[in-house]
1. Residue 64 versus (1) over 16 Å from residue 3 (Cβ atoms); (2) in the same structural domain as residue 13 (by TED's automatic domain parsing); (3) not charged (D, E, K, R): which is the lone unmet condition?
2. Identify, please: which residue in region 60-102 is among the hydrophobic types (A, V, I, L, M, F, W, C) and in contact with a strand residue (DSSP E or B) (Cβ under 8 Å, 6 or more places away or on another chain) and is, among those, farthest from residue 23 (Cα to Cα)?
3. I'm told residue 89 meets every condition in (1) modelled with pLDDT of 95 or more; (2) out of contact with any helix residue (DSSP H, G or I) (no Cβ under 8 Å at 6 or more places or on another chain); (3) part of a helix (DSSP H, G or I) except one. Can you identify the failing condition by its number?
4. Across region 98-111, what is the number of residues that are within 14 Å of residue 12 (Cα to Cα) and surrounded by fewer than 17 Cβ atoms within 10 Å (Cβ to Cβ)?
5. Scan region 96-113 and give yes if some residue there is in a loop (DSSP other than H, G, I, E, B), under 15 Å from residue 7 (Cα atoms) and of a type outside the set (Asp, Glu), otherwise no.
6. From the set of residues in region 33-82 that are in a helix (DSSP H, G or I) and aromatic (Phe, Trp, Tyr), which is surrounded by the most Cβ atoms within 10 Å (Cβ to Cβ)?
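The values are calculated or read from the model by the stated rules, or taken from the named source; none is laboratory data. For clarity, every value in this text was computed on a predicted model and none was experimentally measured. In this analysis, Cβ positions are derived from the backbone assuming ideal geometry, glycine residues included, and neighbour counts consider all displayed protein chains.
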Amino acid sequence: MKIQESAENYLEAILMIKERNGEVRSIDIVNELGFSKPSISVAMKNLRNNGYVTMNARGFIDLTDKGMEIAEKMYERHKLFSKWLIALGVDEKTAREDACRMEHVMSAETFSAIKKFVEEH
């Protein structure tokens, strides 16, 4: 199932925050992505309704298996593209910004080919 790029970004951000802090709240996502609290609230509701995240009574957010699969895929792509672009001489800020865009539009086949090439060289 294809989900929107914004949802992929939210799921990836949740994974990154969870790895860093051990837990995730909506305010953490606000701070990570720079969006408003109401925007994050709407996004989290949509992600919950579509089975990508859960939220407990204390407001902590967790990825479901379905959400984790997408988050890990986006995060892997982001890390590989960032590293690759930096190795090519792109400055780190630009590389990370470009990687964020590239991770969403590339087919699995093309990503696999690039990943194989990068790992072999």
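1. Going through the list (1) over 16 Å from residue 3 (Cβ atoms); (2) in the same structural domain as residue 13 (by TED's automatic domain parsing); (3) not charged (D, E, K, R), residue 64 breaks only (1).
2. Result: 71.
3. For residue 89, the exception is condition (3).
4. Adding up the residues that qualify gives 2.
5. No, that holds for no residue.
6. Going through the qualifying residues, I end up with 81.
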